[in-house]
Amino acid sequence: MTVSVVLFSCDLRLHDHPPLRAALDRSDEVVPLFVRDRGVDRAGFAVPNRLAFLADCLRDLDAGLRERGGRLVIRSGDVVDEVCRVAVETGADEVHMAADVSPYAHRREERLRTALAAAGRRLHVHDSVSTVVPPGALTPAGSDHFAVFTPYFRHWSGQRVRDVLGAPRVLRVPDGVGSEEPPCRKDLSGVSPGLAPGGEAAGRARLSAWLRDGLAAYEERHDDLAGDATSRLSPHLHFGTLSPVELVHRARRTGGAEAFVRQLAWRDFHRQVLAARPTACSSDYRTRHDRWRTEAAAREDAEAWREGRTGYPVIDAAMRQLRHEGWMHNRGRLLTASFLTKTMYVDWRVGARHFLDLLVDGDLANNQLNWQWAAGTGTDTRPNRVLNPVVQAKRYDPDGAYVRRWVPELAGLGRPAVHEPWRLRGLERAALDYPDPVVDLADGLARFRRSRG
């Protein structure tokens, strides 16, 4: 009787799962294993919103496995120790897992490979599980990665996308393998009240609804703040309850999909950058020799930004949406990041850390490299672009509905006052429980230009 272990991480699904399919093809029995990694806790990535979503995902994965005659084995501790322990307990001679790109994931993979090899066991790492095109599969002449998205996307679009794998119909788990109970969302504190449910079933339901009702209008409406016309699939991509390969296939079959598919290519682009330049998660990809405001000088402004009390309604609306939902509209992410780094001239790492503290889709590659793009220290070819939040609000929230939804102090204001409440006078202004702007836009722009030089 042959046994394999499948180590789940950010691939918490049964549909289109290459490591699981390979293990089932090669073994009589399979141990689906998830390790609650203490290293992730120590690194500060185990925050309430992602832990809650993860709890939903693990319970849903366990339920799906039980429907097929199996179950999810959950352990806590060091990943390498627990995987090796399960392999010894079950007599497994192979471990299958998905490739990942973070520096921590690379170190974990190498430690696991070494430990298994020392015991005469093999580690199989599978590409194209969390990406459409694996990092490193596309390279330009003279470099190990693409540094600009447009040529990357041109090559990416020409790649053949592998076929989608079906979910297994039956799965046998060895008897007697001990497991912890799956965690439960209700046992956690500090979770955003509007956090969406996790799990493969929820993800597949959202995907079907999106393909039916949202995809066709995506290119036209994805920047509409009040319309909320984005897919909201990013948490499911981060936790792997949906396969990006399946998304590409299903979107293209539906038609009118290229604007959406382009966003999946951006996700792959950031992963190939981080895989090639691991330090980009904490250091400038392209330094501009910034003289960021010191922590002491920027503390009050940064706190106003976190709390959604900057005095700029569209910025505050987006920051409050983040706190309530653990998610933020894509245009809101761009505006809040530009405002913090360029108008307030606060180090992008301050904002990136806050996003990672709250975002349910907080993904190291996407989060850090999107923040650097907004700050002008990443792959952006226009690093000195500064977005005016008032102009942007009037363009992408013309009726002020998004602002009124998230900044109730301004709910009674019409246009244009809802986007520029500081222009009100007298009793009308005094009646608002809303702060004055933390910085004048012209002053912020001048400071940015002087400092970046």
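Coordinate-derived values only; no laboratory data. The model shown is predicted, which means the values in this text are computed figures rather than measured ones. Glycine gets a Cβ as well: all are built from the backbone with ideal geometry, and neighbour counts include every protein chain shown.
Annotations
- With a simple spin-label model that places each label point 7 Å from the Cα along the Cα-to-Cβ direction, the separation between THR139 and ASN330 comes to 3.0 nm.
- Angstrom value of the Kirkwood radius, inverse mean 1/r, which spans all Cα pairs in the range 83-215: 19.5 Å
- If R0 is 35 Å, the Cβ-Cβ spacing of ALA205 and THR279 corresponds to a FRET efficiency of close to 0.35.
- Ranking of THR90, THR279 by count of other Cβ atoms within 10 Å, fewest first: THR279, THR90
- Debye-sum result for the range 302-386 in log10 I(q)/I(0), which assumes one identical scatterer on each alpha carbon, at q = 0.12, 0.21, 0.26 Å⁻¹: -0.29, -0.93, -1.43
- At 0.692 mPa s and 37 °C, Stokes diffusion of the range 3-128 via Kirkwood alpha-carbon radius, µm² per second: 222 µm²/s
- Ranking GLN263, ALA87, GLY426 by Cα position along the charge dipole of the chain, where only Lys, Arg, Asp and Glu carry charges on their C-beta atoms, puts GLY426 farthest toward the positive end.
- For the range 138-239, pairs of C-alpha atoms spaced more than 21 angstrom apart make up 66 percent of the total.
- A compact globular protein would have a Cα radius of gyration near 2.2 N^0.38 Å; the ratio found for the chain is 1.04.
- Where N is the number of residues in the range 295-452, Cα Rg divided by 2.2 N^0.38 Å: 1.00
- Placing unit charges on the Cβ atoms of the charged side chains and taking the dipole of the chain about its Cα centre, the candidate lying farthest along the positive direction among GLY64, VAL47, CYS184 is VAL47.
- Positive dipole terminus of the range 100-259, leading residue within LEU207, ALA217, VAL173 (C-beta point charges): VAL173
- Contact order normalised by residue count of the range 375-433, Cα under 8 Å, 6+ apart, percent: 22 percent
- Modelled spin labels at LEU445 and GLU67, positioned 7 Å past Cα toward Cβ, are 5.5 nm from each other.
- Based on Cα contacts under 8 Å between residues 6+ apart, the chain shows a relative contact order of 18 percent.
- Length-normalised contact order of the range 295-452 in % [C-alpha pairs under 8 Å, at least 6 apart]: 27 percent
- Rg in Å to one decimal, and Dmax rounded to a whole Å, for the range 114-155 via C-alpha atoms: 15.6, 46
- Peptides 266-278, 169-181, 244-256 ranked from most to least packed by the mean count of surrounding Cβ atoms within 10 Å: 266-278, 244-256, 169-181.
- Cβ-Cβ FRET estimate between ARG169 and ARG382, R0 fixed at 35 Å, reported to 0.05: 0.10
- Packing-based ranking, highest mean first, of 139-150, 304-315 given that Cβ atoms within 10 Å are counted: 304-315, 139-150
- 222 nm mean residue ellipticity, helices alone, for the chain (DSSP H n ≥ 4; -39,500 (n - 2.57); rounded to 500): -14000 deg cm²/dmol
- Cβ-placed point charges (K, R +1; D, E -1), dipole of the range 329-421 about Cα centre in debye, nearest 20: 260 debye
- Given +1 at the Cβ of Lys and Arg, -1 at the Cβ of Asp and Glu and no other charges, the dipole of the chain around its Cα centre is 1040 debye to the nearest 20.
- Simple Cβ-charge dipole of the range 295-452, Lys/Arg +1 and Asp/Glu -1, about Cα centre, in debye nearest 20: 560 debye
- Computed from label points 7 Å out along Cα-Cβ, the spacing between ARG415 and GLU428 is 1.6 nm.
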